[in-house]
Amino acid sequence: MDRQDIERRRARHGVRDALRRLRQPVWAVVTQVQRWRKLNRDRTELARLSDDCLRDIGLSRADVRRESARPFWNDPLKR
């Protein structure tokens, strides 16, 4: 194994290590975006329910308007 082989191997390991370090933050961003999309879908579906359905689950139209007015990043589970 000559010097060039050693340097190529080090470069490959450097790239591999950099990709490994990036994986977690990238995955965290993907997971967060998925959560925001789900919140948006859930709020949209909630707004489409009839008043009778809302009453069945213990919500009023005002509750739904308040929830629907929240920005997509405002997650009720993260306080």
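The values are calculated or read from the model by the stated rules, or taken from the named source; none is laboratory data. What you see is a predicted model; the values in this text were computed from it and never measured. Here the Cβ is made from the backbone with ideal geometry for all residues, glycine too, and neighbour counts use every protein chain on show.
Looking only at region 44-63, count how many residues are within 25 Å of THR31 (Cα to Cα) and either exposed (fewer than 13 other Cβ atoms within 10 Å of the Cβ) or over 22 Å from the mean Cα position of the chain (by Cα) (or both).
Residues that pass the stated criteria total 2.
Please verify whether ARG35 is in contact (Cβ under 8 Å) with a residue 12 or more places away in the chain, assigned to a loop (DSSP other than H, G, I, E, B) and under 25 Å from the mean Cα position of the chain (by Cα), treating the condition exactly as stated.
Considered against the rule, which asks whether it is in contact (Cβ under 8 Å) with a residue 12 or more places away in the chain, assigned to a loop (DSSP other than H, G, I, E, B) and under 25 Å from the mean Cα position of the chain (by Cα), ARG35 comes out as no.
Yes or no: region 31-43 includes at least one residue that is in contact with a Lys or Arg (Cβ under 8 Å, 6 or more places away or on another chain) and basic (Lys, Arg).
The answer is yes; a qualifying residue exists.
Report yes if SER68 is surrounded by 10 or more Cβ atoms within 10 Å (Cβ to Cβ), of a type in the set (Ser, Thr, Tyr) and at pLDDT 95 or above, otherwise no.
no
Only one residue in ARG35, ARG41, ARG20 is surrounded by fewer than 10 Cβ atoms within 10 Å (Cβ to Cβ) and at pLDDT 75 or above. Which one?
Only one candidate qualifies: ARG20.
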